[in-house]
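In what follows, a structure is listed as structure tokens, so that the remarks can point back to it.
The values are calculated or read from the model by the stated rules, or taken from the named source; none is laboratory data. Not measured: the values here are computed from a predicted model. Quick reminder, even Gly has a Cβ in these numbers, built from the backbone with ideal geometry, and neighbours come from all protein chains shown.
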């Protein structure tokens, strides 16, 4: 597909998914109009001294929580965690949540146990913030503060623009807590432009590499630090749109057992960043290659991984904490192209609905 | 294999792994001799009011951390988390750790980034506790307090007795923090007896069911709450000893995407408990069946899952929080039997060493 090619016609399998991938730069810029609301939420957390961040969500939302751990850790140096919903909601355990900021993540705002968790956390003394694409949803009205994702309707079942906009909300919140909101906001604007520029070439590259993966049944997706969220999200896209048993792993965890499962028919996708996590990711990639696995390299330091059969680099944003806004996109595009090649409709995977009401 | 059958001869593939599975009841009882040391560690955490528990480890040790979240949440009602090692060690982020208890988990006591994390956490004001099978290891000497696992040497690469003994340490610590140490200790003793009684029958059942799985390339292992650790550990055993791409998922997360990947050649193992998590696990199992997946049911409420092709129930310990001491064992035995059937040596998987020094 050349840069001038139009998108597939509406109604073609995967057309919505691909269109929403392309809408991400504009969605990110729309979000920046709500920067004031995000700054006010951060001010409230500072005023209450609510310094333990508890993130809750499922699926892609839970993947953004893995990013939040690093955003809050690196910018304001606050401890953030993916909290155990089951402990509070199913086991009915009363925890003292004073001093905590709870961030409920759900694009639909309807995920039942996330809503229930947020209601209980608010009663237990936490500052509660909803991050959702539906400002009228139950989650938005249950939390004390609601931040709209402003991604406009997302119709494909597999999340794309709500995922990157949630990452951006978490980065902005962390930035404002650290007094660096303006820097993060400017970085997101620039990242949206970088993404817009690189999207056509990434789409061509992803579409051009899927053929050898048509019969792939399983993959590992390796990331570490800020890019572990990206590894989780790319693996989830492959599972839900391509029916590939893709498992996300940190670079170190690969060595603690899973590497033994690799063989030449079990590819590994590795996401590399030019920071202190590069060496462990390089080591993991080398272990995978030693087991005969085909290696796909992506991320801002994709070219630093030796022996990759396929390389999908993305531009480096500033601050580097924003790289996951860009580095998930090669995985989204690969999932779209592979689903098409396998005859699957990425817009409507079998067995899934857009709003998941499972508890 | 009848109850009276001897274990395979030493040196046979998987013989160490199987022998160590059988040593678990005795290992648990050995640990109870160190209950005083565990009580003293708990007293220190209470004295320092170090109420945020940060658990760090990789592989099986990290799986026990998923259990710790529930043990500390359910008994003393303290918040526990699997902390981000990368944030502290690789990104060099100074976090305020006063008010935190750090628990470093490593059977060898040599995992480099766990040792480094514990050293930094101690300098940052945390109470640091090492849980390791080697009381002379670097981890043990780096932490302020060391609790020995007393599992005796574990020679198979895939952890078994160090895993269940680590679970028991975490349960005892949580019990002492809640003033219920004696109850937990008595429960562990009784659980070790229940395990000893049921092991021969479980081994026969697991060995008798592996044939249809000989060509299985991928599986999901579903658990929730206290049994999510079990799901993670069973999946890891299948990955490292059987080369099955087994991914652990919570019951709810299955519905948020991965269910779309299922088909009749993609079995699902579900672990059921007779508590508030039963309904979501039943719902997940039904979704898996609806996609045509073969269902394996285990756990203390295994018989409550409809449509399971294979059922591996375990006895119910008291308190129920101890069920993961038993419920991991059907998965260990299945992994041993499947590795044998596939001609793999579970004692020495390709590409792995007993002590993992990857950072």
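In this structure, is residue A:73 buried (at least 24 other Cβ atoms within 10 Å of the Cβ) and on the phi > 0 side of the Ramachandran plot? For residue A:73, the condition - buried (at least 24 other Cβ atoms within 10 Å of the Cβ) and on the phi > 0 side of the Ramachandran plot - is not met. Consider residue A:128 carefully, then state whether it is in contact (Cβ under 8 Å) with a residue 12 or more places away in the chain, under 30 Å from residue A:310 (Cα atoms), in the same structural domain as residue A:67 (by TED's automatic domain parsing) and not in a loop (DSSP other than H, G, I, E, B). Judged against the criteria, residue A:128 is not a match. Can you tell me how many residues in region A:83-94 are surrounded by fewer than 20 Cβ atoms within 10 Å (Cβ to Cβ) and touching a helix residue (DSSP H, G or I) at 6+ places or on another chain (Cβ under 7 Å)? Number satisfying all stated conditions: 2. Note on region A:255-264: among residues that are touching a residue at least 12 places away in the same chain (Cβ under 8 Å) and in a loop (DSSP other than H, G, I, E, B), the one that is farthest from residue B:345 (Cα to Cα) is A:264. Could you list, in sequence order, the residues of region A:37-70 that are touching a residue at least 60 places away in the same chain (Cβ under 8 Å) and surrounded by fewer than 21 Cβ atoms within 10 Å (Cβ to Cβ)? Hits for region A:37-70 are A:37, A:39, A:40, A:43, A:44, A:46, A:48. Of everything listed in (1) within 9 Å of chain A (Cβ to nearest Cβ); (2) under 28 Å from residue A:265 (Cβ atoms); (3) in contact (Cβ under 8 Å) with a residue 40 or more places away in the chain; (4) under 20 Å from the mean Cα position of the chain (by Cα), the single unmet condition for residue B:338 is (1). Being touching a helix residue (DSSP H, G or I) at 6+ places or on another chain (Cβ under 8 Å), assigned by TED's automatic domain parsing to the domain that holds residue B:40, farther than 28 Å from residue A:258 by Cα and in a loop (DSSP other than H, G, I, E, B), is that true of even one residue in region B:134-151? Looking for residues that are touching a helix residue (DSSP H, G or I) at 6+ places or on another chain (Cβ under 8 Å), assigned by TED's automatic domain parsing to the domain that holds residue B:40, farther than 28 Å from residue A:258 by Cα and in a loop (DSSP other than H, G, I, E, B), one finds at least one in region B:134-151, hence yes. Taking residues in region B:268-291 that are at the interface with chain A (Cβ under 9 Å from one of its Cβ atoms), and partners anywhere that are surrounded by fewer than 18 Cβ atoms within 10 Å (Cβ to Cβ) and part of a helix (DSSP H, G or I), the pairs with Cβ atoms closer than 8 Å and at least 6 places apart or on different chains are B:275/B:320. Scan region A:178-192 and tell me whether some residue there is within 14 Å of chain B (Cβ to nearest Cβ), over 16 Å from the mean Cα position of the chain (by Cα) and modelled with pLDDT of 95 or more. For region A:178-192, residues within 14 Å of chain B (Cβ to nearest Cβ), over 16 Å from the mean Cα position of the chain (by Cα) and modelled with pLDDT of 95 or more: present.
Counting only residues that are touching a strand residue (DSSP E or B) at 6+ places or on another chain (Cβ under 9 Å) and modelled with pLDDT under 95, region B:138-166 holds 0 of them. Return the residue satisfying two criteria in turn: it lies in region B:115-138 and is under 20 Å from the mean Cα position of the chain (by Cα) and under 26 Å from residue B:240 (Cβ atoms), and of such residues it is surrounded by the fewest Cβ atoms within 10 Å (Cβ to Cβ). Out of the qualifying residues, it is B:134.
Check whether at least one residue in region B:139-159 is within 14 Å of another protein chain (Cβ to nearest Cβ), over 17 Å from residue B:50 (Cβ atoms) and without any contact (Cβ under 8 Å) to a residue 60 or more places away in the chain, and report yes or no. There is no residue in region B:139-159 that is within 14 Å of another protein chain (Cβ to nearest Cβ), over 17 Å from residue B:50 (Cβ atoms) and without any contact (Cβ under 8 Å) to a residue 60 or more places away in the chain. Determine whether residue B:191 is surrounded by 24 or more Cβ atoms within 10 Å (Cβ to Cβ) and without any contact (Cβ under 8 Å) to a residue 40 or more places away in the chain. In short, no.
For region B:221-247, taking the residues that are more than 12 Å from the chain's Cα centre (by Cα), under 15 Å from residue A:248 (Cα atoms) and more than 8 Å from chain A (Cβ to nearest Cβ), the one that is surrounded by the most Cβ atoms within 10 Å (Cβ to Cβ) is identified as B:246. Looking across B:320, B:324, one residue alone is modelled with pLDDT of 95 or more, within 30 Å of residue B:109 (Cα to Cα) and out of contact with any helix residue (DSSP H, G or I) (no Cβ under 7 Å at 6 or more places or on another chain). It is B:320.
Every condition in (1) in contact with a strand residue (DSSP E or B) (Cβ under 9 Å, 6 or more places away or on another chain); (2) under 30 Å from residue B:96 (Cβ atoms) holds for residue A:31 except the one numbered (2).
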